[in-house]
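Visitor: Supplied in structure tokens, the structure appears directly below.
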């Protein structure tokens, strides 16, 4: 079920009503309702793949129970290995089998021993990269004794499949989300209203910004061979806002929806395009994934301790794995590696934590230096997004060489005329709102709160009208494919 | 504050919004007019839904738009014609157009001319397109069916609404479908068949028969029968490269041939009325560029078939 569909607009009030009016007195019943609702939400897309979530939940629940009982270190390690193998096994098969099969075949062909490897017609189950990481974090935390293993099977299953964040995150840690399933949830008016506001802003980001930018970006990337440099740069710009609006919009809707049910999810985006360097960008972009890799991969590998070689190795590993997590294609690997290259100088010069707070703290506008560093960082990410969006490496390279050609100085021309100008204007207005609200959880968190109610409601009506009438053609959320 | 007041306030907010939405829709519907559009002949829709006593309705998709000339149809068949085709439209849109007209007309049309082809029942090549939104804004009686076309109806509806708003503020209007005809020779083939584009839509070279679209087709046939309207089906010319790739063409043509008491005129390869020369009149693999020439031939054949 898509968040931006009528199906979800009907589904959400029904679940909300049952949750607060029918099951509110019994925590177990509430959790059961959330579990059933989550399975309906997921099964709406394809009920067959529900079995994967159920199986993964079973495995991690019993691994957790086993880890609670077992004191023998070898057996504990074996249990953890079972969880890792099952979860990464599913992920590996559904997401990476064809990639490895085809690349093996190509490698053998290059070595002069062509082999036949049949690729399979595999459908990637929606959200598999998200919920497998979420359950893995539970098993690892229990193994490291950072978390008490749960005895409440229902709460655990509801935690794994919690519908607001099931298919595209934020990837919650068991330490944050699971305990919320043990406690009675009380309805808090201000929290629910705030949740609705965040959902509205998320829908705006997705339907108005991302879907409109997608139309432009698709056209430019599909016809990139015939376009001039300035059009190609504009295409990368549109894609940058497509992916940001799409994914951060989804996260806003997920967080807002959770708040309607009394849950608090972690923040996933913190205005990343206002970052002053790449290190700051990665602290602000897809925070739940970045911190997952930091805690479960980077730090166990040694992190930034040790010598230069160790730092370089770990940085490349984490960024390349992160790229590969996004998709089984060399373009994602290069995207990861490129980000590692951007990040390394900062790490080696120990300047990776120089920009911790918000930009232009206490000021309306950034100073010249901040403006230059924000622009440079944005342009670097723009270049990297080309690899992320391109069909293959050849496409990405020809796209980038197209940008850096003499035709860059020509006027952009890709056949969208007035519509492109309208989308640019809307994107600029969006950036302005984001800038003004950059110290908040989301841009309009505090906008209009002190206004009189009719005026505030008029603003919400305005947003709804813009969503209804200026939205782009419905596109799937990009991160569903990961 | 309690959940009760949260729900009360939310309902109030939504209620007011719904009232405003219904008011705006009513306002737009009350002053609705079909506007020029590159994907159809807006003036023909306007004529049909305002005159309400049209003699010949031509319905279908872009192949119909490209193949007919109203002046020739009127001269040869003696019936006032309108061309209600639109690019990409599927049979649901075609049926809604026809049914909406029938519900609102003063006198039933005498004839319905419908272009059908290999992809008529294909849900990718044909879609619930933009004119669908205009139809719903023009005719409130169609709203009882809106849910059947969710979610594909949303985008056309939104665009139709915006077009109406734009027209009220003198936003530049589009040129109609006639701008799609090209200045090219009628004596030689001057276009290239794009296999890659074809395979993007039909990767297995199969158009298939979508059951819902088939049901819509049967409903059009039934509407004609119930209202005593003469239905004529035809398949316009197609170039041989395109025709040779249609793996399941015979399954689809069988449907058209077997409609009881409905003449089917087939101008594509293998059809009763096929001629190789028609290939020279095309602007691409399956769209004609010579509607006048083709309409002369089609009307002559209709007359002889009906005799």
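The values are calculated or read from the model by the stated rules, or taken from the named source; none is laboratory data. If you're wondering where the values come from, they're calculated on a predicted model, not measured in any experiment. Glycine also receives a Cβ, built like all others from the backbone with ideal geometry; neighbour counts cover every protein chain displayed.
Visitor: Kindly indicate which of B:52, B:47 is at pLDDT below 90, more than 20 Å from residue B:129 (Cα to Cα), surrounded by 11 or more Cβ atoms within 10 Å (Cβ to Cβ) and more than 14 Å from chain A (Cβ to nearest Cβ).
Guide: Values: B:47 fails: at pLDDT below 90.
Answer to the check: B:52.
Visitor: Also, quick follow-up: Looking at the structure I just gave you, is residue B:92 touching a helix residue (DSSP H, G or I) at 6+ places or on another chain (Cβ under 7 Å) and within 19 Å of residue B:259 (Cβ to Cβ)?
Guide: yes
Visitor: Additional query: Yes or no: segment A:442-454 includes at least one residue that is within 14 Å of chain B (Cβ to nearest Cβ), over 14 Å from residue A:201 (Cβ atoms) and surrounded by fewer than 18 Cβ atoms within 10 Å (Cβ to Cβ).
Guide: Looking for residues that are within 14 Å of chain B (Cβ to nearest Cβ), over 14 Å from residue A:201 (Cβ atoms) and surrounded by fewer than 18 Cβ atoms within 10 Å (Cβ to Cβ), one finds at least one in segment A:442-454, hence yes.
Visitor: Something else: Among B:24, B:38, B:5, which is the only one that is out of contact with any strand residue (DSSP E or B) (no Cβ under 8 Å at 6 or more places or on another chain), within 16 Å of residue A:453 (Cα to Cα) and within 14 Å of chain A (Cβ to nearest Cβ)?
Guide: Just one listed residue meets the conditions, B:5.
Visitor: Check off (1) surrounded by 13 or more Cβ atoms within 10 Å (Cβ to Cβ); (2) free of Cβ contacts under 8 Å to residues at least 24 places away in the same chain for residue A:110 and give me the number that stays unchecked.
Guide: Of everything listed in (1) surrounded by 13 or more Cβ atoms within 10 Å (Cβ to Cβ); (2) free of Cβ contacts under 8 Å to residues at least 24 places away in the same chain, residue A:110 misses just condition (1).
Visitor: What are the residue pairs meeting all of these: first residue in segment A:73-84, first residue surrounded by 16 or more Cβ atoms within 10 Å (Cβ to Cβ), second residue outside any helix (DSSP H, G or I), Cβ atoms under 8 Å, and 6 or more apart or on different chains?
Guide: A:76/A:70; A:79/A:70
Visitor: Out of A:2, A:52, A:35, report the one residue that is in contact with a helix residue (DSSP H, G or I) (Cβ under 7 Å, 6 or more places away or on another chain), at pLDDT below 95 and under 26 Å from residue A:82 (Cα atoms).
Guide: A:52
Visitor: Something else now. All but one of (1) under 25 Å from residue B:150 (Cα atoms); (2) at pLDDT 90 or above; (3) crowded, with 16+ Cβ neighbours inside 10 Å hold for residue A:462; state the number of the condition that does not hold.
Guide: Condition not satisfied by residue A:462: (3).
Visitor: Name the single residue that is nearest to residue A:215 (Cα to Cα) among those in segment A:455-466 being more than 10 Å from every other protein chain (Cβ to nearest Cβ) and touching a residue at least 24 places away in the same chain (Cβ under 8 Å).
Guide: Our first condition is that a residue be more than 10 Å from every other protein chain (Cβ to nearest Cβ); within segment A:455-466, this holds for A:455-456, A:458-459, A:462-463, A:466.
Next cut, touching a residue at least 24 places away in the same chain (Cβ under 8 Å) only: A:463, A:466.
Details: A:463: 21, A:466: 17 Å.
By that ranking, first place goes to A:466.
Visitor: Now for a different question. Looking at (1) away from chain A (no Cβ under 14 Å); (2) loosely packed, with under 14 Cβ neighbours inside 10 Å, which is the only condition residue B:200 fails?
Guide: (1)
Visitor: Then there is this: If you go through segment A:342-371, how many residues are surrounded by 15 or more Cβ atoms within 10 Å (Cβ to Cβ), in a helix (DSSP H, G or I) and more than 22 Å from the chain's Cα centre (by Cα)?
Guide: 4
Visitor: Which one is modelled with the highest pLDDT, of the residues in segment A:388-425 that are outside any helix (DSSP H, G or I) and farther than 18 Å from residue A:217 by Cβ?
Guide: Result: A:404.
Visitor: Next up: Just the residues that are touching a residue at least 40 places away in the same chain (Cβ under 8 Å), more than 17 Å from the chain's Cα centre (by Cα) and in a helix (DSSP H, G or I), please, taken from segment A:183-203.
Guide: A:191, A:192, A:194, A:195, A:196, A:197, A:200
Visitor: Follow-up. Report whether or not residue B:192 is loosely packed, with under 11 Cβ neighbours inside 10 Å, more than 12 Å from chain A (Cβ to nearest Cβ), touching a residue at least 12 places away in the same chain (Cβ under 8 Å) and part of a loop (DSSP other than H, G, I, E, B).
Guide: no
Visitor: Take residue B:11 and tell me if it is more than 30 Å from residue B:93 (Cβ to Cβ) and either modelled with pLDDT under 90 or within 14 Å of chain A (Cβ to nearest Cβ) (or both).
Guide: Yes: the conditions hold for residue B:11.
Visitor: Here is a follow-up. Mind listing whichever residues of segment B:171-189 are out of contact with any strand residue (DSSP E or B) (no Cβ under 6 Å at 6 or more places or on another chain), in contact (Cβ under 8 Å) with a residue 24 or more places away in the chain and either within 14 Å of chain A (Cβ to nearest Cβ) or not in a helix (DSSP H, G or I) (or both)?
Guide: B:173, B:175, B:176, B:181, B:182, B:184, B:185, B:186, B:187, B:188, B:189, listed by residue number.
Visitor: Tell me, which helices (runs of 4 or more DSSP H) lie completely within segment B:83-170 with 3 or more residues that are away from chain A (no Cβ under 14 Å) and surrounded by fewer than 22 Cβ atoms within 10 Å (Cβ to Cβ)?
Guide: Of the helices (runs of 4 or more DSSP H) lying wholly inside segment B:83-170, those with at least 3 residues that are away from chain A (no Cβ under 14 Å) and surrounded by fewer than 22 Cβ atoms within 10 Å (Cβ to Cβ) span B:91-104.
Visitor: Here is a list of conditions, (1) away from every other protein chain (no Cβ under 14 Å); (2) touching a residue at least 24 places away in the same chain (Cβ under 8 Å); (3) surrounded by fewer than 18 Cβ atoms within 10 Å (Cβ to Cβ), and residue A:157 meets all of them except one; can you say which number that is?
Guide: (3)
Visitor: Checking the condition in contact (Cβ under 8 Å) with a residue 60 or more places away in the chain and within 14 Å of chain B (Cβ to nearest Cβ), which residue from A:12, A:27 passes?
Guide: Among A:12, A:27, only A:12 is in contact (Cβ under 8 Å) with a residue 60 or more places away in the chain and within 14 Å of chain B (Cβ to nearest Cβ).
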